Every structure is written in C-alpha cells, then in structure tokens.
1. Length gain on complete extension for the stretch N54 to M35, per 0.36 nm per residue less the alpha carbon to alpha carbon distance?
2. Return the sequence-ordered ³J(HN,Hα) values of the range 339-350 in whole Hz as given by the Karplus equation 6.51 cos²θ - 1.76 cosθ + 1.60 applied to θ = phi - 60°, using x for Gly and Pro.
3. Among 331-339, 305-313, how do they line up by average Cβ neighbours within 10 Å per residue, starting with the highest?
4. Using r as the Cβ-Cβ distance of D306 and R183, and R0 as 56 Å, what FRET efficiency do you calculate, to the nearest 0.05?
5. Name the long-range amide H neighbours of S57: under 5 Å, sequence gap of 5 or more, or other chain; modelled H, no Pro or chain starts.
6. Cα convex hull of the range 300-346: how many Å³ per residue?
7. I need the chymotrypsin sites (Phe, Trp or Tyr not before Pro) found in the range 311-349, filtered to DSSP loop residues with at most 16 other beta carbons within 10 Å of theirs.
8. Which FRET efficiency value, to the nearest 0.05, is calculated for T278 and H66 with the Förster distance at 25 angstrom and r the Cβ-Cβ distance?
Amino acid sequence: MSTATADPQAIATADAPAVAPRRPLFQSPAFWVAMLVLIAGTVVATRYWLESKNYESTDDAFVDAHIVRLAPTIAGTLKQVADVDNRHVAAGQLLAVITPNGPEALLAEADAGVAQARADLERARAQVAEAGAGRAQAAAQAKAPLAAAARAAQDLARYALLQRLDAPAVAAQQVDAARAEARRTAAEAAAAQSQVASASTSIIVAQRQVAAAQAAVAARRARVQQARVTLGDLQLTAPVSGQVVNRSVNIGSYVAPGTPLMSIVPDRLWVTANFKETQLRHMRAGQPVTIKVDAFPDIKFVGRVDSIQRGAGQAFSVLPAQNATGNFVKVVQRVPVRIEFDTRNGPDPRRFAIGPGMSVQPSVKVR
C-alpha cells in the first residue's frame with residue numbers, strides 16, 4: 001500500500017543518472033598546451049622581428065667579376081689552340097698561336113737594317129777621326145808659312161823704317177824684294193789657314209754624319225722592336241689567372257683583329273647587390289655580410305661590404321628617366337653595393353662552380 005501512495009516525481013528523480021560538475025578552463029591540459037604554443041610563438045616572432053631589424057637583405061644580387069675577353073691584334077690562321085675549355089689557367093699561360101709569315105720576315109729585315117745602320121755609324125766615326133787627323137796635319141803644315149810670313153813682314157817693316165830714316169842706306173830694289181817676299185809668304189800663310197779651316201769643316205760634317213747614323217740606328221732598332229711586338233702578338237697568353245669560358249675558335253680558324261677567341265673569368269669574384277635606397281641608412285663599408293648562393297643553398301658564404309655606389313643604377317642607363325613630366329610616379333630606386341667574399345672566415349668561392357651572373361641573397365648586418 002506504501003508503494004502505491006509514493007510520489008511519482010520523486011521516484012523518477014531517484015532513477016535519473018548523476019551529472020558530473022564542469023571543471024574550470026584553466027585546469028584543462030589543452031588550455032595550457034595552447035597557452036605554451038602561443039607564448040612560444042610570440043617569443044619567436046618578437047625575437048625574429050628584433051633580429052631582422054639588424055639586417056638588410058635583398059634577392060636582387062648576383063656574382064660579378066671583370067671578365068677578360070681575348071682577341072688578336074693581327075690577322076692570321078690559328079695553328080695552335082690550347083684545350084682549356086672550362087679549365088683554370090695561370091697568368092702567362094699560352095692559349096693560342098697564329099701562323100707566322102710576314103712578321104718573321106719583317107723582323108729579319110729590321111735586324112739587317114740595324115746591322116747596316118751600325119756599319120754606317122762606324123764609318124761616320126772613322127771619318128770624324130780622319131778629319132781630325134787631317135786638321136792636325138794642316139795645322140802643322142801651316143806653321144812654316146805663318147812663320148815665314150811673319151818674318152817677311154818684319155823685314156819689310158825694318159827696310160821701310162830705314163828708308164824713311166836714311167834713304168841712301170837702303171836700295172829701292174831691296175825694299176821691293178822685301179815687299180814681294182812679304183806678299184808671297186802672306187799668301188802661303190792664308191792658303192795654309194784655309195786648309196786648316198777646311199779640315200775643321202770636314203770634322204763638323206763628319207760629326208753630323210755620326211749624329212745622322214746614330215739616328216738611323218735608333219730608327220732601325222725601333223723597327224726591330226715593332227717587328228718583335230708584332231711577332232709576339234702571334235702568341236696569345238692569359239693576362240690573368242682564371243677559368244677559360246666561351247671559347248669560339250679552333251685550330252685552322254682564320255681570325256681578324258678584334259675577333260673574339262675566348263674569355264677568362266678571373267679568380268677574384270665579388271657580389272653586386274642592388275639594395276633599395278631606403279635600406280642604405282645604416283649601411284657602411286666593412287660591415288659583415290652573410291651570402292646565400294642559390295646554387296649551393298647549404299653553404300654559408302661570408303663577406304663584407306666593400307663600397308656603395310654613389311648614385312642609383314638608373315642614373316647611368318643609356319636612356320635615363322625623364323621625370324620632369326606631369327605624370328610622375330615615385331619609384332624606390334636601387335643602388336649597387338659591392339660585397340667582397342671573406343675567404344679567411346668562410347668558404348672560398350673558387351672551390352665551387354660559382355661564376356658571374358649567378359643569383360645570391362646577401363644579408364648585411366647593419367647594427
């Protein structure tokens with residue numbers, strides 16, 4: 001009877017399952033995991049932002065070098081070409097030889113000309129010596145006529161004086177004879193002096209011939225030097241050390257002056273990085289640089305800022321921009337910055353297949 005009189009709602013509540021109480025959010029493990037990830041991400045992002053402020057980087061950069069292009073200065077046929085494609089050569093190494101023909105004959109002719117000019121010079125010097133000896137002989141031979149002329153002049157003066165003092169003391173015939181003797185000896189003395197002057201003139205002429213012969217020798221030697229230079233131009237050697245690239249000739253090829261034969265990439269390489277003008281505020285020469293070469297992403301090259309070009313690249317273009325127009329739009333300009341590889345503190349780029357034009361990504365530490 002007690003069962004029939006029980007409260008139905010109480011019985012239903014007693015039969016329902018118990019509901020567990022809800023835990024706070026901060027006690028959930030997933031909450032703390034999310035918080036740790038968020039804090040770690042914030043720290044990493046903050047550190048990256050603070051670190052990136054100390055660097056300036058660009059992907060508008062490439063490896064650069066002064067490429068040497070070889071070309072002959074005379075025409076001819078190649079009789080020898082070194083097999084050095086994509087190989088390293090040392091400065092002075094023989095790369096190509098042009099068939100000799102005319103230059104050797106010109107050199108022989110020039111050598112013969114020098115020998116002939118030297119012979120002419122020796123002959124001219126001998127003539128100078130001969131002319132000097134002739135002058136000395138003429139001067140010696142002139143002494144007797146000069147002495148005789150002086151004695152005859154004295155005798156004539158003495159006879160003339162005696163005739164003025166005492167006319168009968170001197171016969172007129174004696175005075176006439178003395179006068180004739182004086183005239184004769186004076187003429188002989190003048191002839192002797194003329195011979196001495198002629199010999200002196202011969203010396204001057206011979207000396208001038210020596211000078212002309214010396215000039216001829218110098219001219220012939222210059223021809224020899226020119227012939228040797230021309231003959232030397234037949235052999236093309238490497239002006240610098242580096243790798244030979246872009247060879248375009250072979251044995252038997254006919255080349256004219258200025259014909260491109262091959263090129264040499266020097267051992268010295270650097271990076272030309274075109275930074276935005278807004279990135280140059282804190283950039284200075286000597287700052288360290290981290291260089292990433294696209295061809296070798298796992299190799300960390302290092303370098304330093306060598307110099308910053310004074311002027312944007314567009315200022316040196318063939319057709320510079322004309323901004324004095326009504327539709328001007330400001331564009332951030334690029335300025336080339338030269339970066340040298342630091343082989344003391346990093347890998348040497350010469351050990352890798354790195355050459356001009358290859359893309360790099362430099363990062364300059366400016367703070």
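1. Values: separation 19, 0.36 × 19 = 6.84 nm, distance 2.93 nm.
Residue separation times 0.36 nm, minus the Cα-Cα distance, leaves 3.9 nm.
2. 10, 8, 6, 9, 7, 6, 10, x, x, 8, x, 5
3. Numbers: 331-339: 17.3, 305-313: 14.2.
Per-residue mean Cβ counts within 10 Å order the peptides as 331-339, 305-313.
4. On the way: r = 96 Å, r/R0 = 1.71.
Computed FRET efficiency for D306 and R183: 0.05.
5. When sequence neighbours closer than 5 places are left aside, the close amide H contacts are V364.
6. Details: hull volume 4.6 nm³, N = 47.
Cα-based convex hull of the range 300-346, divided per residue, equals 98 Å³.
7. Working: sites: F316, F328, F341; in loops: F328.
For chymotrypsin sites (Phe, Trp or Tyr not before Pro) across the range 311-349 that sit outside H, G, I, E and B with at most 16 neighbouring Cβ atoms in 10 Å, the list reads F328.
8. Using R0 = 25 Å, I get an efficiency of 0.25.
Just so you know, all these numbers are worked out from the coordinates, no wet-lab data involved. As the structure is a prediction and not an experimental result, all values here were calculated from the model. With ideal geometry, Cβ positions are generated from the backbone for all residues, glycine too; neighbour counts draw on all protein chains shown.
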